[in-house]
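Okay, structure first, notes after.
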């Protein structure tokens, strides 16, 4: 097992800050679940039955994307977890570090989807939706969060300034989620919110697979970029 | 479509489809009726099997809520549309009701278009008579001149009799066709025995008609009213008129007094339903999520967050401890999903109230059932009633009718309300006599279920009775009458609410002819039935007009 992934997982599961983060995430999802329960809510034309399940899944996806990328970019610091900068000074190969960090982001995203599962299941159950819809949404949600996590990892090593890093992080989030949604068809499917909606309503169509592929490719590219950056840092460290 | 193209809105009417195929077709005819405010239509389906080269006529029972848009008839086989025909609807064809005239001579009722009300005539043959009484809902008056009993089926006969008994208007015209009428069951319904033909030079009832005219001699039956030119009586809740003359004869077609004569026939008094369709508004439309469900969900959520925190803490410390995290999440996901399904089931229910109104002297009762499908969380539904109970939604919406008694579709989150009407046998009758000692009632309920919470309603007052078994004969104590007043807020209990509605309506309604008082009670008691997917709350009320002296007719 990738040693960077193993260490990150340990801290992202059980450290006190991680516990607070997961609890906060669960409380938000639980609150949304309770708000979606009243039967009269579904009488609003805009909020059809399936719409409430979709809304619940979109909120889970957006929160997961934010938390994953914020942890990877260092915007939310997890106790004990070593940043890419720290790891660059270690003896681990650059590829191991880059891959480990991106895999940590993917595992973190999967963990949050897993944790949100029971609450989304309540909304799906009461609205008569299938649990398969949650699994389809998870496919898109985890892939998108992994891509954001990988991008965050890259930003963490690209930008030394906290402000620049946060700015780039938020710009990327808004550009992909909101900006992507504003693109003309079929490009708007690049927005994770849009592709998640397609996956829930219409099933895992080729468009969804294509978008998931784009997200995973982005994560792969980030692995390469992080690896190169780590190697450059090491070269720079040796030359100074 | 409809009655000679006339469409009484929201009334069941036949859509006749002529089919012919070059290949065998085993499919269904679908009539799509536009519904204002919705993209999807209301569909009426009927299975059909076509043989090559053999023409076939299919009559699909449908109702049209609005004459704007296009009605579509489709032939569908194996899910594929084989043929399609669009029929534009026109508001000019929408009418209040129709007069059906069963006559070999399709002329004589043209003057109806001069009436202020939009009532139009349709000349029909025996085969056009509906097989169920609900098929007459848009019919104001059925006129019988030429009638061949052998040309109708037993179902058509039963539908005919039930329609008149439940409140239809029947006019049988005289002259030569009446003399040769050979339908004992129809002759039994007439208020007079027809004799032979006689020539009348001049009649006060038909002043201005150039004589002589050929009329049928009439012998009034006991309880009937009228004279030599016509007789009338009530048949159950309906009305039967018999004219000694033939209004379709040339001399009467141009008679100046014909409009008044026909108007009287159109407005012949019939007993209105105690439970009109609007009474269904008293049904609940929603049901809040139970407090206990919310508390349990809160407890489950809290337990989950605590359990997952514990598992996460352990995962970071113990080797392989991470396995506890997916395990906890999976167990809680299944438990909470199951819980949500139960909450959904608890929130989905059918509340139905049947009001059985006894038709005195017929052994029949007309029943209107109001049913509310409360489905706050949506989903699909299939609703099937008894075959003789035809249903209509209170508000038109895209639904599929596999038959007039079988509806399916997507449950509306705002609730779906349907009204079903049927005529059933009712071994229950009641009488009342007034004397100096007060009112005496006799309820004959032999063969019927016990009646609970019974009360006599008369002149804005109610009198509570003990439970009624097979028979009740009681002199009512004049001091025990109570004034009836509506409660400031409708009662929570559905049965109580409808009881109040019925009594209030009886109070407002002019007393039925021949009825001295009304008996209202509950039958069977409200009960809840737990089904696999929903709960059913069923309530039954019974209303009996208590007759005084022997009335005319049955």
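The values are calculated or read from the model by the stated rules, or taken from the named source; none is laboratory data. Keep in mind the model is a prediction, meaning the values are calculated, not measured. Reconstructed Cβ throughout: ideal geometry from the backbone, glycine too, with neighbour counts over all protein chains shown.
Among the residues of region B:8-28, which ones are farther than 16 Å from residue B:43 by Cα and over 18 Å from the mean Cα position of the chain (by Cα)?
B:18, B:19, B:20, B:21, B:22, B:23, B:24, B:25, B:26
Residues B:411, B:432, B:437, B:452: which one is in contact with a strand residue (DSSP E or B) (Cβ under 8 Å, 6 or more places away or on another chain) and within 30 Å of residue B:11 (Cα to Cα)? Working first, answer last.
Working: B:432 fails: within 30 Å of residue B:11 (Cα to Cα); B:437 fails: within 30 Å of residue B:11 (Cα to Cα); B:452 fails: within 30 Å of residue B:11 (Cα to Cα).
When all the criteria are applied, what remains is B:411.
Might you check whether a residue that is surrounded by fewer than 19 Cβ atoms within 10 Å (Cβ to Cβ) and more than 14 Å from every other protein chain (Cβ to nearest Cβ) occurs anywhere in region B:281-300?
Yes, there is a match, as at least one residue in region B:281-300 is surrounded by fewer than 19 Cβ atoms within 10 Å (Cβ to Cβ) and more than 14 Å from every other protein chain (Cβ to nearest Cβ).
If you scan region B:340-359, which residues turn out to be in contact with a strand residue (DSSP E or B) (Cβ under 8 Å, 6 or more places away or on another chain) and at pLDDT 85 or above?
B:350, B:351, B:352, B:353, B:354, B:355, B:356, B:357, B:358, B:359
Within region B:93-111, count every residue that is surrounded by fewer than 21 Cβ atoms within 10 Å (Cβ to Cβ) and at pLDDT below 90.
Number satisfying all stated conditions: 6.
Within the group A:110, A:121, which residue is under 30 Å from residue B:340 (Cα atoms) and under 13 Å from the mean Cα position of the chain (by Cα)? Steps first, answer last, please.
Numbers: A:121 fails: under 13 Å from the mean Cα position of the chain (by Cα).
That would be A:110, the only listed residue that is under 30 Å from residue B:340 (Cα atoms) and under 13 Å from the mean Cα position of the chain (by Cα).
Results for (1) modelled with pLDDT of 90 or more; (2) under 24 Å from residue B:133 (Cα atoms); (3) crowded, with 20+ Cβ neighbours inside 10 Å, shown as yes or no for each residue.
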| site | (1), (2), (3) |
| --- | --- |
| B:398 | yes, no, no |
| B:425 | yes, yes, no |
| B:446 | no, no, no |
| B:452 | yes, no, no |
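Please count how many residues of region A:20-37 are modelled with pLDDT under 90 and either touching a helix residue (DSSP H, G or I) at 6+ places or on another chain (Cβ under 7 Å) or facing another protein chain (nearest Cβ under 7 Å) (or both).
Number of matching residues: 4.
Taking the residues in region B:304-318 that are surrounded by 14 or more Cβ atoms within 10 Å (Cβ to Cβ) and over 13 Å from residue A:15 (Cα atoms) as candidates, determine which candidate is farthest from the other protein chains (Cβ to nearest Cβ).
B:307
Return the residues of region B:462-493 that are within 26 Å of residue B:360 (Cα to Cα), surrounded by 14 or more Cβ atoms within 10 Å (Cβ to Cβ) and in contact with a helix residue (DSSP H, G or I) (Cβ under 9 Å, 6 or more places away or on another chain); say none if nothing qualifies.
Those that are within 26 Å of residue B:360 (Cα to Cα), surrounded by 14 or more Cβ atoms within 10 Å (Cβ to Cβ) and in contact with a helix residue (DSSP H, G or I) (Cβ under 9 Å, 6 or more places away or on another chain): B:462, B:463, B:484.
Residues to consider are B:513, B:466; find the one that is modelled with pLDDT under 85 and either more than 20 Å from residue B:278 (Cα to Cα) or assigned to a strand (DSSP E or B) (or both).
B:513
Grab the strands (runs of 3 or more DSSP E) fully contained in region B:331-389, keeping just those with 1 or more residues being at the interface with chain A (Cβ under 10 Å from one of its Cβ atoms). Steps first, please.
Details: elements: B:349-359, B:364-374, B:380-384.
Strands (runs of 3 or more DSSP E) meeting the threshold: B:364-374, B:380-384.
Just the residues that are closer than 14 Å to residue B:218 by Cα and surrounded by fewer than 18 Cβ atoms within 10 Å (Cβ to Cβ), please, taken from region B:181-199.
B:187, B:188, B:193, B:195, B:196, B:197, B:198, B:199, listed by residue number.
Being within 11 Å of chain B (Cβ to nearest Cβ), part of a helix (DSSP H, G or I) and touching a residue at least 60 places away in the same chain (Cβ under 8 Å) is the filter here; which residues of region A:107-166 pass it?
Passing the criteria: A:107, A:111, A:112, A:115, A:116, A:119, A:120, A:122, A:123, A:124, A:126, A:134.
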